[in-house]
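Some notes on the structure that comes next.
Nothing in this text is a laboratory measurement; each read-out follows from the coordinates by a stated rule. In this text, all values refer to a predicted model and were calculated from it rather than measured experimentally. All Cβ positions, glycine included, derive from the backbone under ideal geometry; neighbour counts span all protein chains shown.
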Amino acid sequence: MDLLLTDDERAFRDRVRAWLETHVPGEPRPLGDLAAGREFDVAWQRELAAAGYAGLSWPREYGGAGLSPVEELIFHVESAAAGAPDLGTLFVGLAHAGPTLIHAGSPEIQRQFLPRILSGEDIWCQGFSEPGAGSDLAAIRTKGVVDGSVLVVTGQKIWTSYAQVADRQELLVRTDPEAPRHQGLSWVVADMDTPGIEVRPIRTAADDHHLCEVFYDEARIPLERVVGDLNNGWRTAMTTLSFERGTAFLAEQVRLRQRVAGLAEYVDHPGAPPDAAARWARASAAADALFAMSLRSISEVRRMGQPGPAASMVKLATADAERVVGELQMDLLGPDAVWVNELSRGWREQFAYIFGGGTPEIQRNLIGERMLGLPRN
Ligand SMILES: Cc1cc2nc3c(=O)[nH]c(=O)nc-3n(C[C@H](O)[C@H](O)[C@H](O)COP(=O)(O)OP(=O)(O)OC[C@H]3O[C@@H](n4cnc5c(N)ncnc54)[C@H](O)[C@@H]3O)c2cc1C
């Protein structure tokens, strides 16, 4: 990487590189066993925290590493080059729940939860999508009824990643059924061991069972767990999604470039498609272009403190690049594309990066409306 780094940034890169050399675990993250995966992620998070690298972009006053966006990028590039683990089960807490609490949580909520995210003590999951509300998130029907000082929650969420190993959930519920649909929602912190909350894993083709349905049967959640005011949850949820669409997937973008590099050796294997080299070049260009867009997004974060609407462009480019690389990988490796090694893990995970945080069509709608000023219809 040559970003014309300053002397300080180069010194930071050298420190990170030296630290990674001696700390990256020798064993890969265990696949298929979620509890073991959680243990592995937490152990790595403890190492990071001890070295001052927990919560890379979180401000220091909240216990984070307080890195600048460029330092954060350096950290991700060096981590990927060193084969360091990704956030795994800690993704939701570190990448968007924590940042949302920093932005919109009360000091009490921040004190209660942020240190536990940074130390790896609490795993978070995201309870936004429902069977009838994915892209159209404002259609959620899971209801929260105020009863004295608690919110009584009844309904169902779906596609909740890692719910079965999570301690907390960022949960979006409808608290005012009479209000216009964007105005009657609340964003609340749920404890996953609350009586009335039941998690049922969904078996998928990827066979890692991390997706779940979550059912709520009059689960009682203290009202003080509402983040960003009762009935103001849409605004809080948009903050969450802006982090999820912004720089949250930076590490994965660095890994996508590695995945393309890893495919180079298969391009002239016997049995490779005749246009394999040209397609590899296109895949490589797509991954590089995505990375360049992320750099742009980083400078936006530096100016505005939070990813703006351009985050949707990065999200869309991520989906395109993942698709181009994924198709090439399948054509080059056949069934091995799916199951054999780190490359295969990337192939299986591509769908999370394509659909999670909003599908490509939804990002196109957002770009049309918010950046190009096109009419909603
Ligand atoms: C691997 C993975 C992990 C996930 N993890 C979580 C999680 O942890 N927590 C969570 O809450 N959710 C999670 N999700 C859910 C994800 O956010 C939803 O899948 C996504 O929002 C799409 O919703 P849907 O699946 O209901 O599809 P739908 O909204 O039903 O969309 C179906 C198709 O219609 C298109 N479409 C819908 N509306 C429009 C429109 N207005 N204009 C144009 N096209 C449209 C979509 O683009 C899509 O192609 C995860 C999803 C995946 C794949």
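Overview of results
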| quantity | calculated |
| --- | --- |
| Assigned charges on the beta-carbon of Lys, Arg, Asp, Glu; region 124-232 dipole about Cα centre (debye) | 180 |
| Between helix 250-263 and the chain: long-axis angle, C-alpha atoms, 0 to 90°, nearest 10 | 30 |
| Farthest positive-ward along the chain dipole, Cα basis, beta-carbon charges - from Pro85, Gly32, Leu118 | Leu118 |
| Cα-Cα P(r), region 7-118, percent of pairs per 10 Å interval | 14, 44, 33, 10, 0 |
| Whole-number D in µm²/s for region 124-232 (Stokes-Einstein; Kirkwood sum over Cα pairs; 4 °C, 1.567 mPa s) | 94 |
| Positive dipole terminus of the chain, leading residue within Val338, Ala50, Ala65 (C-beta point charges) | Ala65 |
| Between helix 311-333 and the chain: long-axis angle, C-alpha atoms, 0 to 90°, nearest 10 | 50 |
| Principal-axis tilt of helix 7-23 within the chain, Cα atoms, nearest 10 degrees | 90 |
| Radius of gyration, Dmax [the chain; alpha carbons; angstrom] | 20.8, 70 |
| Share of pairwise Cα separations in region 218-377, more than 25 Å, in percent | 41 |
| DSSP loop trypsin sites (Lys or Arg not before Pro) with at most 12 other Cβ within 10 Å excluded, longest remaining stretch of the chain | 1-202 |
| Theoretical gain in end-to-end length, Glu9 to Val145 [0.36 nm per residue, Cα-Cα removed] | 43.9 nm |
| Relative contact order computed over region 124-232 (Cα-Cα under 8 Å; 6+ residues apart), in percent | 31 |
| Computed magnitude of the charge dipole of region 246-371 (debye, nearest 20; Cβ of K, R +1, Cβ of D, E -1) | 540 |
| Computed [θ] at 222 nm, helices only, for the chain once each DSSP H run of length n ≥ 4 contributes -39500 (n - 2.57) | -14500 deg cm²/dmol |
| Descending principal axes extents, region 174-304, alpha-carbon based, whole Å | 61, 42, 25 |
| Cα centre as origin, Lys/Arg/Asp/Glu Cβ charges: the chain dipole, Debye | 840 |
| Extension reserve of the Glu265-Arg60 stretch, reckoned as 0.36 nm per residue once the Cα distance is removed | 69.5 nm |
| FRET efficiency, 1/(1 + (r/R0)^6) with R0 51 Å, evaluated for Asp288 and Thr194 via beta carbons | 0.65 |
| Contour excess over end-to-end distance, with Cα ends at Asp176 and Met238 and 0.36 nm allotted per residue | 20.5 nm |
| Tail fraction, Cα-Cα pairs, region 213-263, threshold 16 Å, whole percent | 66 |
| Positive-end residue of Pro131, Leu211, Thr154, charge dipole of region 124-232 with Cβ unit charges | Pro131 |
| Kirkwood Rh in Å, taken over region 264-314 so that all alpha-carbon pairs contribute | 13.0 |
| Separation of alpha-carbon centers, region 347-373 and region 269-298, rounded to whole Å | 19 |
